[in-house]
Amino acid sequence: MPSSTPPGAQTTLDDVLFVLRLADQVGARLWIDGGWGVDALMGGQTRGHGDLDVAIEARHLSPFLAGLSDHGFVRVGEDGATAWNFLMRNATGAVVDLHVIILDANGDGVLGPPEAGQAYPAESLTGRGKIADRIVDCIAAAWAVKFRDAYPGDADDRADVLALCRRFELPVPDQYRS
C-alpha cells in the first residue's frame, strides 16, 4: 500500500462530504476506512486528517475517478502505488486514498491480485457510522482495530484504537496498552 499521505495534505469535513456526494452522483458505494472511518464510528470528527481512505468496488472506479478528475483531483505519484491502492489529490490539499476491491463469492473485498491474499473480510465491510448528518458504510469497529494492529501504530492510531475499544468494549491490542 502507499506509504503515506503527502506532506501538507489536509482533508476536511467539507472535502469528505463532497466525495460522498460525488459517489452518490455516479452510483459508487464507498466504505470509509482510516481515520475518517473511526470518526464515522464515533459519530463525529475526533481529529484532523491528511486523507480520506475509501474502499470502492472496481466496477465503480472509472466513473468515480472521472468525477474526481472533473473536480481537479489528480493522481499522486507516490512510492508503493498500485492499480488497486493509490492517492488522488486536489489543489487545496485534500487527498482520497483509494482501495479498489472486487467482492468475491463470500463477500470479501479482494484488494489486488487474489494470490496476494489481501482482502477486506466480508465482516469488516459491515460497519455503519455517521459523518455530519449522513449515515455511511465504513469498516466495522473490531476490524478497524484489527487492521491498525497489523503494523506499528503512531499517535493517531493509538488514539483511534483506544477510542474504538472504549466505545465498542473491545480488547485493547498489546501494542496500544500503556
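The number of residues in the range 14-51 that are surrounded by fewer than 20 Cβ atoms within 10 Å (Cβ to Cβ) and either of a type in the set (Lys, Arg) or within 11 Å of the chain's Cα centre (by Cα) (or both) comes to 3.
Of all residues being farther than 17 Å from Ala119 by Cβ and at pLDDT 95 or above in the range 139-157, which is surrounded by the most Cβ atoms within 10 Å (Cβ to Cβ)? Just the residue, please. In this case the residue turns out to be Val145.
Summed over the range 159-178, the residues that are assigned to a helix (DSSP H, G or I) and either touching a Lys or Arg at 6+ places or on another chain (Cβ under 9 Å) or among the aromatic types (Phe, Trp, Tyr) (or both) give a count of 7. When Arg89 is tested against (1) buried (at least 20 other Cβ atoms within 10 Å of the Cβ); (2) among the basic types (Lys, Arg); (3) under 18 Å from Leu41 (Cβ atoms), only condition (3) is not met. Each residue in the range 1-32 was checked for being closer than 21 Å to Leu103 by Cα and either among the hydrophobic types (A, V, I, L, M, F, W, C) or in contact (Cβ under 8 Å) with a residue 12 or more places away in the chain (or both), and 10 pass. Of the residues making up the range 125-158, those that are in contact with a Lys or Arg (Cβ under 8 Å, 6 or more places away or on another chain), over 16 Å from His49 (Cβ atoms) and touching a residue at least 40 places away in the same chain (Cβ under 8 Å) number 2.
The values are calculated or read from the model by the stated rules, or taken from the named source; none is laboratory data. Computed from a predicted structure; not experimentally measured. Using ideal geometry, Cβ is built from the backbone for each residue, glycine included, and neighbour counts are taken over all protein chains shown.
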